[in-house]
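Presented below is the structure to which this report refers.
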Amino acid sequence: MLRVVMAVLALAWTAAFAQAALAETPKRVTVSGEIVDTWCYISEIMYGEGTAHHQCAVWCAVGGIPVSIKDANGDVFIILRIEDRDPVDNPRVVKIQSHQVTAHGDLYERDGVRYLVVTQVADDKGVVNLTHEEYGIQPFGE
Amino acid sequence: MLRTFSVVLALLLLSLPARAAEEWGIDHEKKARIEAKVVDILCELSGDCPKNCGGGKRQLGLLRDDGKLVLAIKNFDPFAGAVVDLIDFCNRRITADGLYIANPKLPMFVLQFKRLAPDGKWSRANWFVKRWAEAHGAKNKGKWFRHDPAITRAIAEDGVFGIPGLKPPKDD
């Protein structure tokens, strides 16, 4: 019996060690920018920034499309977690769509994608990118 | 003659893939069919691995045999991601059919069809709206985004532009 228990423990330890060994080391970063709907912004299927796109960004966040922070260079950081909560179907993520934020977090880069675990939203200026006068309401005008 | 034509046409149709991705006209897009394991991206990166890939609360990716991790960003439904279509395949191999978008800013995959590899039954990647309709009633599923309670609440609170009190101009 003891041997079986030892074997099970050894297997569990090996599995945990293997998982940890595969994990990558993140970089601590601070990112400032606009919370965007990643799909609409990157695909350019419509104008995807600021007030003009806010409603659509809410639709897409509720629909589970990855949400990002877009920095001043136009680079996007996919949010994988935000203040200890997962991002999909998360009311906090819906609430901050189109907001200008500064966030502290852990950055992972893999195969051309920047993934961000947001540990703290340090500053939230709300929606400040006023694009609706030029672009109306994206995508249907209402 | 007609029979011959019918047989040839049937053979041609049978020779086509069971499901075929359609182009959406997105820059850098290319039709793609890949076999890969469905993974919880955060688990893959950090080793933080809850049960069942987070149960639908986390973003999911496709881990190819060459070790490349592909972000699954979109499914076939309007304004919906791929999590609902992939979560049932957590840590299993699927064949994913859709569009690989090799945008240098962000490479990503649009899931249009999926099946359990190697020879499961194909299904269209439209399970978000199916599940939404099950939860909220099928009547409004065509424009689910106009009827979802969380969206209605968010827009009622902050307005269509995200700034309380800022409203679109009324038509003359």
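The values are calculated or read from the model by the stated rules, or taken from the named source; none is laboratory data. Being a predicted model, the structure only gives us computed values, none of them experimental. Quick reminder, even Gly has a Cβ in these numbers, built from the backbone with ideal geometry, and neighbours come from all protein chains shown.
A compact table of results
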read-out: Subset of segment A:90-132 (residues that are closer than 17 Å to B:Gly54 by Cβ and among the aliphatic types (A, V, I, L, M)); value: A:Val93, A:Leu116, A:Val117, A:Val118
read-out: Residue that is farthest from B:Asn52 (Cα to Cα), among those in segment A:76-89 that are more than 7 Å from chain B (Cβ to nearest Cβ) and not aliphatic (A, V, I, L, M); value: A:Phe77
read-out: Test result for B:Phe79, aromatic (Phe, Trp, Tyr), closer than 30 Å to A:Gly74 by Cβ and not in a helix (DSSP H, G or I); value: yes
read-out: Neighbours by Cβ (under 6 Å, 6+ apart or cross-chain): first from segment A:72-86, surrounded by fewer than 23 Cβ atoms within 10 Å (Cβ to Cβ); second assigned to a loop (DSSP other than H, G, I, E, B) and charged (D, E, K, R); value: A:Asp86/B:Lys57; A:Asp86/B:Arg58
read-out: Condition check for A:Thr30: under 30 Å from B:Gly162 (Cα atoms), modelled with pLDDT of 95 or more and either of a type in the set (Lys, Arg) or in contact with a His (Cβ under 7 Å, 6 or more places away or on another chain) (or both); value: yes
read-out: Only listed residue being within 26 Å of B:Leu42 (Cα to Cα) and at pLDDT below 95, chosen from A:Asp106, A:Asp89; value: A:Asp89
read-out: Count of residues meeting criterion [of a type in the set (Gly, Ala, Ser) and assigned to a helix (DSSP H, G or I)] in segment B:33-53; value: 1
read-out: Residue within segment A:126-142 that is surrounded by fewer than 22 Cβ atoms within 10 Å (Cβ to Cβ), of a type in the set (A, V, I, L, M) and part of a strand (DSSP E or B) present; value: no
read-out: Every residue from segment A:107-129 that is facing another protein chain (nearest Cβ under 8 Å) and at negative phi; value: A:Tyr108, A:Arg110, A:Val113, A:Tyr115, A:Val117, A:Val127
read-out: Hits in segment B:82-108 (condition: in a helix (DSSP H, G or I), at the interface with chain A (Cβ under 7 Å from one of its Cβ atoms) and in contact with a strand residue (DSSP E or B) (Cβ under 8 Å, 6 or more places away or on another chain)); value: B:Val83
read-out: Residues satisfying the stated conditions in segment A:90-106, i.e. closer than 21 Å to B:Glu157 by Cβ and more than 9 Å from chain B (Cβ to nearest Cβ); value: A:Arg92, A:Val93, A:Ile96, A:Gln100, A:Val101
